[in-house]
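Structure first, then comments.
Just so it is clear, none of the values below were taken in a lab; they were calculated from the coordinates. The structure presented is a predicted model; accordingly, all values stated were derived computationally and were not measured.
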Amino acid sequence: MILLQMKILVLTDHRAHTVQNSVYELVGMLKKLRPDSDFYVASRGLEVNNDFFYEMNSKEVSVRRATEDFQFSADHQFYRSDLEVQGIADFDWIILRLPRPIPIGFFDFLRDNFDEKRIINRPSGVEITGNKLFLLNYPQWCPPMRHCKSTEDIQEFAADFPIVLKPLEDYGGRGLVKIDGQKVWEGNIETNLTTFFEKLKGDGSFEYLAMKYLSNVHLGDKRIMISNETILGATLRLPPEGNWLCNVSQGGRSVDSQPDERETAIAFDLIKDMKKHGVVLFGFDTLTGDDGLRYLSEINTLSLGGLAPADKNSQIPIMKNAALGIWDFISQASKM
């Protein structure tokens, strides 16, 4: 892999970071593999960057060079010192490590001011693949699904089995609703169908991707991670006792795992489509169905979580392979 020295901008938001956030180790590994390249980090969490991230009226952003001291700390001091203002046009590549929610219009702003083919992952690809409705392209791998835009849609779909409602743009287990007969759980708060429907009607228009609820949730939600067509590995997220939500952010715990034969086939199907949309680093989740098979339940293409915990728990160099995939993608793109 022969590359000229690169200057790369990483966009993140330090306010959402914990010790498990992978941006630190990922940037460190990218630098280790290519010590001649320079990385700069800009945080959406700094007020000085409001004009860039929120107002979208500046092509300049306050950044800090990612040197050896780019490590997580609870006081986030790294982001507050030694800042310098740079124009985004001065960078060769941008890497997105931004959590949702993305300010409305921000991806359009990026595309207008930077070649999105040099953004990992490509914003237009994230917009397409990050919407829950993208799962409708894979009925062969998913539980029964339905796009619900009315209470009638929900009632019809829930008539035959328990279901889960997923807001189209939410993340991290937020906004999930479970319906079983007349019982409804919003997160872990139990209510009833009449009350829930009254709330929906009061909120106005809504859209959900509804899926059949898979009762083997206690067997865990498996996250499979991929970098530039390479399956990195997997981590199994188990729910806390008495909870149906597996997300680590909702109290779940993570253990080492590996994709099975069916999940590997799902990965290859997804990889083909992600490549078309300029999505390099992504993950997908599976749950165990009543038949014991794993079913596709979620795709994450914005800011893939789970890399750092998986790297620590696995015997496989997941972080190194993730960074190698990114550099290989940049090398391939640079030849075009």
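Some notes on this structure:
- Stokes-Einstein, applied to the Kirkwood radius of segment 144-213 over Cα pairs at a viscosity of 0.692 mPa s and 37 °C, places its translational diffusion at 276 µm² s⁻¹.
- You can think of it this way: the chain between Phe197 and Asp291 has 30.7 nm of extra reach, that is 0.36 nm per residue less the Cα-Cα gap.
- Scaled against 2.2 N^0.38 Å for its residue count N, the alpha carbon radius of gyration of segment 255-334 is 1.18.
- Alpha-carbon Rg/Rh ratio, for segment 1-137, with Rh computed the Kirkwood way: 0.95
- Helical contribution to [θ] at 222 nm, DSSP H n ≥ 4, -39,500 (n - 2.57), averaged over the chain, rounded to 500: -7500 deg cm²/dmol
- Cα-based radius of gyration of the chain once divided by 2.2 N^0.38 Å, which approximates compact folds: 1.02
- Taken as Cα centroids, segment 291-324 and segment 36-83 sit 26 Å apart, rounded to the nearest whole angstrom.
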